[in-house]
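Written out below as structure tokens is the structure these notes cover.
The values are calculated or read from the model by the stated rules, or taken from the named source; none is laboratory data. Everything quoted here is computed from the prediction, not taken from an experiment. Quick reminder, even Gly has a Cβ in these numbers, built from the backbone with ideal geometry, and neighbours come from all protein chains shown. Accessible surface areas use protein heavy atoms only, side chains included; no ligands, DNA or RNA. Shrake-Rupley method; radii C 1.70, N 1.55, O 1.52, S 1.80 Å.
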Amino acid sequence: MLPFDFDYYKPTSLKEAVDLYQYLDQHGKQPMFFSGGTELITLGRIDLAYTEAVIDIKGISECNVMQISADHLLLGSTLSLTKIEEANLFPLLTKTASEVADHTARGKITLGGNICAQIFYREAVLPFLLADSQVLIVGPDGKKMVPIHELFLEKLQLKKGEFLIQLATETRFISAPFYSFKRRQQWETGYPLITVAALKIGQEVRVAISGLCPFPFRSKELEASLNKRDLPVSSRIDEGLSKLPKPILDDVEGSANYRLFVLRNLLSDMLTALDRI
Amino acid sequence: MKSHTITLSINGENRSVMVRSADTLLYVLRGKLGLTGAKPGCLNGDCGACTVNVEGWPMKSCLMLAVEADGKKVITIEGLENTPIQKAFVENFAFQCGYCTPGFIMNCHSLILKHPDADDHRIKEWLESNICRCTGYAEIESALKSVLRKK
Ligand SMILES: Cc1cc2nc3c(=O)[nH]c(=O)nc-3n(C[C@H](O)[C@H](O)[C@H](O)COP(=O)(O)OP(=O)(O)OC[C@H]3O[C@@H](n4cnc5c(N)ncnc54)[C@H](O)[C@@H]3O)c2cc1C
Ligand code: FES
Ligand code: FES
């Protein structure tokens with residue numbers, strides 16, 4: 001139960017959702033899009049989130065799409081992580097998503113909610129960063145398809161009233177060799193100490209990381225170093241580690257130095273696994 | 001609309017109930033429908049004590065608004081009668097204080113229906129959603145496996 005009241009709306013079309021947001025915003029209701037809703041429910045309970053109007057987008061058919069259409073995989077933002085795992089259309093995503101929260105919670109947590117989350121791990125975005133996916137968004141200016149690298153800078157840079165409809169990924173990326181590993185401080189569920197996801201395209205590896213910085217990222221500089229295949233693995237990693245974005249998280253889950261130690265080992269395991277292929 | 005009249009199909013019976021938008025399904029089940037089998041634990045999606053079954057899948061009822069469940073099929077521990085998993089919990093001593101038991105049983109019940117041939121990896125993945133403070137994990141796992149193996 002949340003300690004404050006709000007109105008609940010469940011639009012069935014994109015236009016209705018966009019119009020509702022604008023209307024409610026103009027009336028000072030601090031509207032919030034609601035997908036799995038777990039963030040409002042858990043953070044609202046402890047006064048870390050607030051709204052007077054919830055717009056539940058799960059009733060919009062475009063947001064529930066899960067299909068391969070021509071040479072693209074389309075995944076709707078309101079699909080639960082469990083649904084995506086059960087269908088297993090993008091094995092790297094299946095593996096990465098299956099480490100988020102726990103199995104039952106993943107029946108409620110959605111793809112779009114995880115990617116747009118305030119809680120900064122946003123692990124489900126990693127496969128899409130690696131696969132150069134496109135994101136389909138809608139807002140007061142209509143629908144737009146944008147490369148994820150233009151819109152996802154630490155988080156999805158949406159303007160007020162815009163929301164994520166779908167992610168489109170070329171099928172050649174969904175079947176590429178991959179590596180995905182989540183290292184936690186302890187136990188087998190919970191937030192990551194470090195999560196590394198990697199795809200191998202041709203002879204090049206691509207790497208995206210959550211839990212190292214207060215945002216998930218893919219770094220071309222890190223990749224360039226890791227792909228210097230004429231150097232020994234340890235030198236490739238040493239060079240890559242000098243090019244990481246900042247700041248490195250330093251908190252109760254793990255000190256910055258410990259995180260870098262764990263990352264070094266994960267990168268080494270990843271290169272060993274993918275160099276062989 | 002800060003309050004709504006919703007209809008839930010609970011344990012095979014249609015129940016209409018007036019809820020606030022801000023009420024969780026757990027709160028409505030316990031406080032408004034008198035179904036106190038689903039237990040409040042962390043209220044944060046971590047412990048699984050509140051697990052029920054929504055449209056056949058396990059659901060942490062503290063993570064769902066009651067309005068989201070409008071028109072959906074909900075099964076709570078009160079809706080199970082003499083199911084194999086309940087018997088298996090008794091036979092395998094799979095509870096001590098019993099607080100986590102309804103949640104574990106509802107989770108196990110969904111797994112048995114959805115994946116009757118679940119392998120060890122899947123069993124572990126599903127069971128990790130619930131916490132038993134009395135640490136009866138080995139017995140709970142044996143209870144679940146005894147039902148899955150019989151199938
Ligand atoms: C028990 C538990 C364990 C967790 N463990 C992990 C973990 O291990 N790793 C991890 O990465 N995260 C984890 N999380 C965090 C969780 O994934 C995020 O909080 C995520 O927001 C939940 O998804 P949701 O669908 O419920 O989002 P919601 O609560 O619906 O939305 C989250 C935010 O995104 C916005 N939003 C939702 N959908 C859209 C959209 N389509 N377009 C634009 N904005 C949108 C909402 O307005 C809100 O601000 C955990 C959460 C819980 C409850
Ligand atoms: S009370 Fe719902 S998961 Fe703990
Ligand atoms: S039996 Fe006591 S919490 Fe599980």
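Here are the numbers for the structure shown:
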| quantity | calculated |
| --- | --- |
| Listing of helices (runs of 4 or more DSSP H) fully contained in the stretch B:60-151 that carry 1 or more residues being open to solvent by 10 Å² or more (accessible area, probe 1.4 Å) and within 16 Å of ligand 1 (Cβ to nearest atom) | B:120-127 |
| The lone exception for B:Cys50 - which of (1) surrounded by 18 or more Cβ atoms within 10 Å (Cβ to Cβ); (2) more than 16 Å from ligand 3 (Cβ to nearest atom) it fails | (2) |
| Matching residues in the stretch A:226-245 - criterion: being under 18 Å from A:Pro216 (Cα atoms) and outside any helix (DSSP H, G or I) | A:Ser242, A:Lys243, A:Leu244, A:Pro245 |
| Condition met for A:Glu85 (more than 16 Å from ligand 3 (Cβ to nearest atom), within 12 Å of chain B (Cβ to nearest Cβ), in a loop (DSSP other than H, G, I, E, B) and open to solvent by 10 Å² or more (accessible area, probe 1.4 Å)) | no |
| Subset of the stretch A:199-251 (residues that are open to solvent by 70 Å² or more (accessible area, probe 1.4 Å) and under 24 Å from A:Ala97 (Cα atoms)) | A:Glu204, A:Lys220 |
| Residue in the stretch B:1-26 that is farthest from the other protein chains (Cβ to nearest Cβ), counting only those that are outside any strand (DSSP E or B) and more than 20 Å from A:Asp56 (Cα to Cα) | B:Gly12 |
| Conditions (1) more than 8 Å from ligand 1 (Cβ to nearest atom); (2) surrounded by fewer than 21 Cβ atoms within 10 Å (Cβ to Cβ): number failed by A:Gln118 | (1) |
| Selection from the stretch A:156-174 of residues that are open to solvent by 30 Å² or more (accessible area, probe 1.4 Å), within 28 Å of A:Asp71 (Cα to Cα) and touching a residue at least 24 places away in the same chain (Cβ under 8 Å) | A:Leu158, A:Glu170, A:Thr171, A:Arg172 |
| In the stretch B:109-134, the residues that are within 16 Å of ligand 2 (Cβ to nearest atom), in contact (Cβ under 8 Å) with a residue 24 or more places away in the chain and within 12 Å of chain A (Cβ to nearest Cβ) | B:Ser110, B:Trp126, B:Ser129, B:Asn130, B:Ile131 |
| Filter result for the condition that a residue is without any contact (Cβ under 8 Å) to a residue 40 or more places away in the chain and within 14 Å of chain A (Cβ to nearest Cβ), over B:Cys50, B:Cys42, B:Cys97 | B:Cys42 |
| Lone qualifier among A:Thr195, A:Thr189, A:Thr169 - being polar (S, T, N, Q) and within 16 Å of ligand 2 (Cβ to nearest atom) | A:Thr189 |
| Residue count for the stretch B:53-64, restricted to those that are within 6 Å of ligand 2 (Cβ to nearest atom) and at the interface with another protein chain (Cβ under 7 Å from one of its Cβ atoms) | 1 |
| Condition met for A:Tyr23 (open to solvent by 50 Å² or more (accessible area, probe 1.4 Å) and outside any helix (DSSP H, G or I)) | no |
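Yes/no matrix, rows are residues, columns are (1) over 30 Å from B:Asn14 (Cα atoms); (2) touching a Cys at 6+ places or on another chain (Cβ under 9 Å):
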position	(1), (2)
B:Ala66	no, no
B:Lys72	no, no
B:Pro84	no, no
B:Phe89	no, yes
B:Arg133	yes, yes
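Residues checked against (1) in a helix (DSSP H, G or I); (2) without any contact (Cβ under 8 Å) to a residue 12 or more places away in the chain; (3) farther than 30 Å from B:His115 by Cβ:
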position: A:Asp5; (1), (2), (3): no, no, yes
position: A:Phe33; (1), (2), (3): no, no, yes
position: A:Gly36; (1), (2), (3): no, no, no
position: A:Leu40; (1), (2), (3): yes, no, yes
position: A:Val54; (1), (2), (3): no, no, yes
position: A:Lys58; (1), (2), (3): yes, no, no
position: A:Ile68; (1), (2), (3): no, no, no
position: A:Lys95; (1), (2), (3): yes, no, no
position: A:Val100; (1), (2), (3): no, no, no
